[in-house]
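Colleague: Below is one structure. I have some questions about it.
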Amino acid sequence: MVNQWWQWGAEGASQQGGFAVIGVGRFGSSVCAELLRSGAEVLAIDQSQRAIDELRHIDAAIEARVVDCTDEEALRAAGVLDLATVVVAISEPIEASITATLICKDTPGTRVQQVIARATSDLHVKMLYRVGADRVVFPSKMMGQRLGMELVRPNLLEQLRLDDRNSIEEIKVPASFVGHSLRDLNLRKHYNISVLAAGPSGQLHVNPPASHVLAEGELLVVMGSSEALRSLPGS
């Protein structure tokens with residue numbers, strides 16, 4: 001699924017941003033799976049060879065390494081600190097997730113811009129924020145899938161799956177669409193999706209006219225295949 005053109009390291013990471021997932025249990029592997037399904041490049045890290053082997057059953061080409069996540073130099077050598085977003089998906093021991101978060105955010109020279117960490121208790125949440133986590137989530141398989149989707153599709157607000165192939169989604173109007181009418185954009189022709197509603201939050205116009213000009217901050221409700229919806233700008 002994933003093309004192996006990315007050489008993990010400073011040059012590749014700085015050009016692409018990139019994602020690292022530390023800990024590939026049920027939650028972490030579901031994050032990886034969703035990122036891979038969206039075509040993102042992912043570096044997976046775990047202290048267990050067995051966990052890494054099981055992850056490779058999802059995608060044999062995934063870049064996955066056995067690394068001690070509490071070892072600053074090991075994380076640096078693996079390329080984790082060169083990536084823009086790190087998901088710390090481990091839960092136990094708590095000290096390991098806290099240490100990994102601190103290393104990613106506080107190590108001199110780190111290029112990590114965002115750390116999203118998994119927590120198991122309210123106290124764990126507070127400690128993760130104290131050491132620099134940008135966002136903390138509680139685990140579940142569905143949350144892992146949702147998080148993976150959010151990371152690669154920041155404009156996506158809500159999704160309703162109609163079947164295995166098609167969905168209805170509420171998205172923020174992409175910046176490149178602002179100031180253009182629905183007629184000019186012709187999303188059915190260019191993206192093979194249908195516009196069901198458009199307008200400001202709380203004031204959506206169902207079946208909007210082709211003359212509707214999209215404004216910054218407005219929302220779109222669109223329907224189409226998952227592949228077509230992922231092709232939208234900002235998705």
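Colleague: Listed residues ALA74, ALA78; which is more than 17 Å from the chain's Cα centre (by Cα), surrounded by fewer than 20 Cβ atoms within 10 Å (Cβ to Cβ) and among the small types (Gly, Ala, Ser)?
Modeller: Just a single option satisfies the conditions, and that option is ALA74.
Colleague: Out of the residues in the range 186-225 meeting the condition of being hydrophobic (A, V, I, L, M, F, W, C) and surrounded by fewer than 13 Cβ atoms within 10 Å (Cβ to Cβ), tell me which one is nearest to ALA175 (Cα to Cα).
Modeller: Once the filter is applied, the top-ranked residue is ALA210.
Colleague: Okay, next question. I'd like to check which helices (runs of 4 or more DSSP H) are fully inside the range 175-235 and have at least 1 residues that are over 22 Å from the mean Cα position of the chain (by Cα) and modelled with pLDDT of 90 or more.
Modeller: Where helices (runs of 4 or more DSSP H) fall fully within the range 175-235 and carry at least 1 residues being over 22 Å from the mean Cα position of the chain (by Cα) and modelled with pLDDT of 90 or more, they are 182-185, 187-191.
Colleague: Would you mind telling me which numbered condition in (1) modelled with pLDDT under 80; (2) out of contact with any helix residue (DSSP H, G or I) (no Cβ under 7 Å at 6 or more places or on another chain) LEU147 fails?
Modeller: Unmet condition: (2).
Colleague: While we're looking at this one, here's another question. Tell me, which strands (runs of 3 or more DSSP E) lie completely within the range 18-82 with 2 or more residues that are among the hydrophobic types (A, V, I, L, M, F, W, C) and within 23 Å of GLY109 (Cβ to Cβ)?
Modeller: Ranges flagged: 19-22, 42-46.
The values are calculated or read from the model by the stated rules, or taken from the named source; none is laboratory data. Computed from a prediction, not measured in an experiment: that's the story for all the values here. Every residue, glycine among them, receives a Cβ derived from its backbone with ideal geometry; neighbour counts consider all protein chains shown.
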